[in-house]
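Here's the structure we're looking at; comments come further down.
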Ligand SMILES: *Cc1c(COP(=O)(O)O)cnc(C)c1O
């Protein structure tokens, strides 16, 4: 039988793990095993007439790496396969992805509704930049979908949310909010960084666009910045492609290559960290110095049922509040040996953050407290170290 008759010749018939190793690979004339790094800005045409055809879109070849590059294209194809999306674009950072997605959907006079528990810079874009450009925005408590319904206006063009949220791991019911937004003719944009594409599929739950900071789990090894937007060919190939082409928040080929290699091991890494995170949440939930543990698949999570329904795992992050407020939180973090004090997440190295004094310092104390960012709150991003070592490290830290 010829290989072309093999059903696995269709990349869509392959399991996600297989797609993440092989998906999107286009080999050059040298037949290299690993994906080639095309570190070039421009392309040479055999003739002026060929250049003209390329610019008229009569010939599909590459023109300029601000909007088309073979290595970036391999990353985009692989991401699209994983997410089950028609199309994807790589961006320079996660924030470039969020900003591009929102700016492509709205114009002056429009309105955006967003869950208020957001990654700090996302909140800045929604709360500060959109209104500066004549786009009104309303922030709601995302835990109850009814709050989105109440905030919708005739000119609401986009609904934006993140789930689980940063740093308190609150959940938003993607399917319920998508239904409400759809009924009002608004596009649904979901920031899926905390869940990763391995544990949650927003497009299948009714989202129009999914955005990622690829800096987090997709690289997963603290090396490169990157972002991605996924959705229908109509949206991605239309307004979003034009925005990237004309304004340039583009992913560099070098970073795309790093991220492609990251994708090969994404499910292995995310599942390993998620398993450890579950064990750590259990340990923290039973510790006398811990006032509260927040983990979507831990029984104590107020939205445990939704977490089980919407997510295939509890995520690689655990948030917890220590008794004794900020002073104790600092003492715990400062006593750790394996777990590093940093503000990144989704890394092979476990990282602890005190949101009140770092990532969420800009917010007023009132807003912080209404978002659950208590003085004793710590956010732990679980890496790939042995779970026993991480638990022993935390046990020592909580004992001092
Ligand atoms: C990190 C992060 C971003 C921004 O990504 P960058 O790559 O740092 O620009 C956006 N949303 C969430 C939820 C994040 O964790």
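What follows draws every value from the coordinates through simple rules; no lab data is involved. Just so it is clear, the structure is predicted and the values come from calculations on it, not from any experiment. Positions of Cβ are generated from backbone atoms using ideal geometry, with glycine treated the same way; all protein chains shown enter the neighbour counts.
Over the chain, the alpha carbon radius of gyration divided by the compact-protein estimate 2.2 N^0.38 Å works out to 1.02. A straight chain from residue 4 to residue 44 at 0.36 nm per residue would run longer than the Cα-Cα distance by 11.1 nm.
Annotation: the residues 283, 254, sorted from fewest to most other C-beta atoms within 10 Å of their own C-beta, follow the order 254, 283.
If both residues of a DSSP beta bridge must be in the chain, then about 55% of such bridges are antiparallel.
For region 161-277, what D do you get in µm² per second when you plug the Kirkwood radius from alpha-carbon pairs into Stokes-Einstein at 25 °C and 0.890 mPa s? Rounded to a whole number, D works out at 159 µm²/s. Here, region 1-81 is characterised by an Rg to Rh ratio of 1.05, where Rg is the alpha-carbon radius of gyration and Rh the Kirkwood radius. Here the Gaussian network model covers the chain, with springs between Cα atoms less than 10 Å apart; of 163, 316, 359, 359 fluctuates the most. Going from the fewest other Cβ atoms within 10 Å to the most, the residues 216, 143, 308, 56 appear in the order 56, 308, 143, 216. Over region 228-344, the pair-distance histogram of Cα-Cα distances with 10 Å bins from zero comes to 11, 27, 27, 22, 12, 1 percent, rounded to whole numbers. Each residue in 209, 199 was given a count of other beta-carbon atoms within 10 angstrom of its own, and listing them fewest first yields 199, 209.
Restricting to DSSP H runs of at least four residues, report the calculated mean residue ellipticity at 222 nm for the chain, -39500 (n - 2.57) per run over all residues, nearest 500 deg cm²/dmol. Value at 222 nm, helices only, nearest 500: -10000 deg cm²/dmol.
For the listed peptides 259-268, 33-42, a ranking on the average number of other beta carbons within 10 Å per residue, highest first, reads 259-268, 33-42. Along its principal axes, region 1-151 has C-alpha extents of 58, 43, 25 angstrom, given from the largest down.
Computed over Cα pairs, the Kirkwood radius of region 115-226 leads via Stokes-Einstein (0.890 mPa s, 25 °C) to a diffusion coefficient of 170 µm² per second. For residue 357 and residue 395, the FRET efficiency from 1/(1 + (r/R0)^6), where r spans their Cβ atoms and R0 equals 25 Å, is about 0.55.
Across region 267-399, how large is the tail of the calculated P(r) beyond 23 Å, expressed as a percent of all Cα pairs? For region 267-399, the share of Cα pairs beyond 23 Å comes to 28 percent.
On the principal axes of its alpha carbon atoms, region 319-387 extends 38, 23, 15 Å, with the longest extent given first.
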